Amino acid sequence: MNIIEIKNLSKVYDAKTIPVYALNGINLAFSEGEFTSIVGPSGSGKTTMLNLLGGLDSPTGGEIMIDNTDITGLKSRQLIDFRLRNIGFVFQSFNLIPVLTAKENVEFIMQLQGVNKEQRDRRTFELLKSVGLNDKVNTRPNKLSGGQQQRVAVARALASKPKFILADEPTANLDSKSAENLLEIMEKLNKEEHITFIFSTHDARVVAKARRVITLEDGKIVGDVSKN
Amino acid sequence: MIFKISFKNVWRNKVRSLIVISSVTLGLAGGIFTVSIITGMVEQKIRTGINNEVSHIQVHNPEFLKNYESQYSIPHADSIAGIISKMPGVKAVCGRARITGMAASPNSVAGVQIVGVDPLQEKKVSNLYTTIPDTNGGYFTGNRKNQIVIGRKLADKLKVRLRSKIVLRFQNIDGNLTEAAFSVNGIFQTSNTVFDETNVFVKKSDLDLLTGGDNGIQEIVIMLDNIEKIPVAEAALKAKFPFLDIQNWMEIRPDMGMVTSAIAIEVYIILGIILFALAFGIVNTMLMIVFERTRELGMLMAVGMSKSRVFRMIMLETIFLTVIGGIIGMVLSTALVGFFHQRGIDLSSVSKGLGAYGFDPKIYPFIKRDLYINLTLMIFCTAILAAIMPARKALKLKPVEAIRVE
Ligand SMILES: Nc1ncnc2c1ncn2[C@@H]1O[C@H](COP(=O)(O)OP(=O)(O)OP(=O)(O)O)[C@@H](O)[C@H]1O
Ligand SMILES: [Mg+2]
């Protein structure tokens, strides 16, 4: 079943002067349980695509159906709430609230959702365990390595029970060992918990782990390959 | 949760927050201390005025107040005074005869209010006797008849000294003109020259003897054990004696009342200006903070933190910053004011003349309780006003732009 359907999606920057087609007539569908990588040279439109999918930006044309909702029609207030309830985010950096511990960072998103304390505690503990950080529960981000911070971010993204998780170059700031470790965790979550991941990357080893690889160039899809 | 994050955020940059907090603390402490000195001075002036001249409450026959004719005395004054003295909060009660008359010396003549007093009782309601310097006699010392205590200003006008003779001329209760010589026993000096010029004090017993009959009591003066009790006591008196005119010190001396209310406003203006100035520093700091946290705020909005929560978070952080400073400032100034209230601030070296005018050269600064309540409200308002601009700035951030990695 498709959880995301993109139809004729385009995004044009600087439309009034020299138009830049960051995305140009994209048609795509993502189904539940995917582990998909978006690749392409710098400037090909990966970030733009993920931002549009995440409802962080609005397209110039086309539609994005998520679970039968066209998010391009949502108002900014509705979009924030939609993101909170449906989409998990892992950014390249600055994912966490520096003044909160790992546990509090994961819990935070559930507090925004209004989940009760007991459930929050249980889920936070489970999630931190599943990303291998049960010994860092009360540690603040500045005392965690880059890889550990990204793992907390994955746990945080999962905490809201989203339909899918978007990650724009989640390993870009990590050394290769941490990058591999993060990918393994994401892979495990995908396999065991059927969490849908859509991530962009430049790293060939990360791409190798993906089961579907979508290649962009100049805002157009030039490749869409699924393994097994 | 937002509460907790905001509070923790305050301590992210400890040095900067402490600078803001100390500026609020010092600004407020300085302001409150200044205000306490002003309040102390005014309060002292009013206290002296009350103690030496007017007392807390005065009771008259309503007719008397129209033209100050002594025939309109208070009926059954002694028993009324007796009842009043048993009312709650009343510290001392005393009746006075009041007759309009003329005071003449060989050099000059002046219209005066002749106040007939019982010196012993009078000392309980009035500190006037304390304003007689040692070199200027006393307050009905010795047992000689027809002694008079006058003010410095009148003494100068009549060109009389201690033990000089003054002739008082007045109508007695039957309308007959009476005249008698009095010897100056003491010369008082209050800060109010009009009072000093127009009031002369004699023993009521001397007056009655001269006129050959009781002149009655035209005025009952009341001192309460606490100035705060005036409204309650006043209402009780009005209810009990509807046929009498009851006035508090502010009604008797509107000028003194006006000083109090003018100062009360001035005090808030001073504090308002200080808070206004502090608000600029706070706004500036918070704008800096929002700017520095652009990415973090963008991330928060991206993951689903609503605008109203972001707004509240910045608001709360500003309020914490301000209110922490405000509380420390108030505690600090309470201690400071308390300390100097006990010790007093001696101004005699700065202003030599004060003592000569019957002023205590020491000032006892103090702060009224309602100032703290209002000030707390003012600090909150300042915090909220200072928070609005930075919080709105945070709302204008677009998540995509805020999180874009350069
Ligand atoms: N805010 C913007 N204003 C103008 N042009 C933009 C903006 N954001 C992106 N672009 C342009 O849109 C195109 C696609 O950018 P995008 O960031 O999506 O690429 P990307 O594939 O993520 O690149 P990278 O691999 O470097 O992250 C680029 O040509 C870029 O210059
Ligand atoms: Mg990018």
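The values are calculated or read from the model by the stated rules, or taken from the named source; none is laboratory data. Worth saying up front: this structure is predicted, and the values here are computed from it rather than measured. Methodologically, a virtual Cβ is constructed for each residue, glycine included, from the backbone with ideal geometry; neighbour enumeration extends over all protein chains shown. The protein model used for the area step is the full one, side chains on, heavy atoms only, and it has no ligands, DNA or RNA in it. Shrake-Rupley method; radii C 1.70, N 1.55, O 1.52, S 1.80 Å.
Within region A:149-168, being touching a Lys or Arg at 6+ places or on another chain (Cβ under 8 Å) and either within 23 Å of A:THR215 (Cβ to Cβ) or within 16 Å of ligand 1 (Cβ to nearest atom) (or both) holds for one residue alone: A:ASP168. Among the residues in region A:67-86, are any within 11 Å of chain B (Cβ to nearest Cβ), in contact (Cβ under 8 Å) with a residue 24 or more places away in the chain, touching an Asp or Glu at 6+ places or on another chain (Cβ under 8 Å) and within 20 Å of A:LEU112 (Cβ to Cβ)? Checked against the condition, which is being within 11 Å of chain B (Cβ to nearest Cβ), in contact (Cβ under 8 Å) with a residue 24 or more places away in the chain, touching an Asp or Glu at 6+ places or on another chain (Cβ under 8 Å) and within 20 Å of A:LEU112 (Cβ to Cβ), region A:67-86 yields at least one hit. Any residue at all in region B:165-185 that's open to solvent by 10 Å² or more (accessible area, probe 1.4 Å) and in a helix (DSSP H, G or I)? The answer is no, given that none of the residues of region B:165-185 is open to solvent by 10 Å² or more (accessible area, probe 1.4 Å) and in a helix (DSSP H, G or I).
Annotation: B:ARG343 fulfils all but one of (1) touching a Leu at 6+ places or on another chain (Cβ under 8 Å); (2) more than 12 Å from every other protein chain (Cβ to nearest Cβ); (3) of a type outside the set (S, T, N, Q); (4) open to solvent by 10 Å² or more (accessible area, probe 1.4 Å); the unmet one is (1). What about A:SER200, is it within 16 Å of ligand 1 (Cβ to nearest atom), over 15 Å from A:LEU96 (Cβ atoms) and in contact with a Gly (Cβ under 9 Å, 6 or more places away or on another chain)? In short, yes. Looking at A:LEU166, A:LEU182, A:LEU128, A:LEU158, just one residue is open to solvent by less than 20 Å² (accessible area, probe 1.4 Å), within 16 Å of ligand 2 (Cβ to nearest atom) and either more than 22 Å from A:ASN86 (Cβ to Cβ) or within 14 Å of another protein chain (Cβ to nearest Cβ) (or both), and that residue is A:LEU166.
Residues A:PHE35, A:PHE89: which one is in contact with a strand residue (DSSP E or B) (Cβ under 7 Å, 6 or more places away or on another chain), buried (at least 19 other Cβ atoms within 10 Å of the Cβ) and more than 13 Å from every other protein chain (Cβ to nearest Cβ)? Only one candidate qualifies: A:PHE35.
In region B:235-264, which residue that is touching a residue at least 24 places away in the same chain (Cβ under 8 Å) and within 24 Å of B:LEU371 (Cβ to Cβ) is surrounded by the most Cβ atoms within 10 Å (Cβ to Cβ)? Among those residues, the one meeting the criterion is B:ASN248. A:GLY62 meets each of the listed conditions (1) open to solvent by 10 Å² or more (accessible area, probe 1.4 Å); (2) within 16 Å of ligand 1 (Cβ to nearest atom); (3) within 14 Å of another protein chain (Cβ to nearest Cβ) apart from (3).
Every condition in (1) more than 14 Å from chain B (Cβ to nearest Cβ); (2) in contact with a Phe, Trp or Tyr (Cβ under 9 Å, 6 or more places away or on another chain); (3) buried (at least 18 other Cβ atoms within 10 Å of the Cβ) is met by A:ASN134 except one, and the failing one is (3). From the list A:ILE18, A:ILE4, the one residue that fits, being farther than 25 Å from B:THR294 by Cβ and in contact with a strand residue (DSSP E or B) (Cβ under 9 Å, 6 or more places away or on another chain), is A:ILE4.
For region A:48-61, the condition of being of a type in the set (Gly, Ala, Ser), within 16 Å of ligand 2 (Cβ to nearest atom) and in contact with a strand residue (DSSP E or B) (Cβ under 6 Å, 6 or more places away or on another chain) holds for at least one residue. Please go through (1) β-branched (Val, Ile, Thr); (2) modelled with pLDDT of 85 or more; (3) open to solvent by 70 Å² or more (accessible area, probe 1.4 Å) for B:VAL337 and return the number of the only condition it doesn't satisfy. Tallying (1) β-branched (Val, Ile, Thr); (2) modelled with pLDDT of 85 or more; (3) open to solvent by 70 Å² or more (accessible area, probe 1.4 Å), B:VAL337 fails exactly one: (3). Would you point out which residue out of B:ILE32, B:ILE21, B:ILE5 is more than 37 Å from the chain's Cα centre (by Cα) and in contact (Cβ under 8 Å) with a residue 40 or more places away in the chain? Of the residues listed, the single one that is more than 37 Å from the chain's Cα centre (by Cα) and in contact (Cβ under 8 Å) with a residue 40 or more places away in the chain is B:ILE5. Among residues of region A:36-62 that are free of Cβ contacts under 8 Å to residues at least 60 places away in the same chain and assigned to a loop (DSSP other than H, G, I, E, B), those with a Cβ under 6 angstrom from a residue that is more than 7 Å from ligand 1 (Cβ to nearest atom) and of a type in the set (S, T, N, Q), sequence gap 6+ or separate chain, pair up as A:ASP57/A:ASN51; A:PRO59/A:THR72; A:THR60/A:SER10. Within region A:1-14, the set of residues being surrounded by 11 or more Cβ atoms within 10 Å (Cβ to Cβ) and within 10 Å of ligand 1 (Cβ to nearest atom) comprises A:LYS11, A:VAL12, A:TYR13.
Among the criteria (1) free of Cβ contacts under 8 Å to residues at least 60 places away in the same chain; (2) under 16 Å from B:ALA97 (Cα atoms), the one B:PRO231 does not fulfil is (2).
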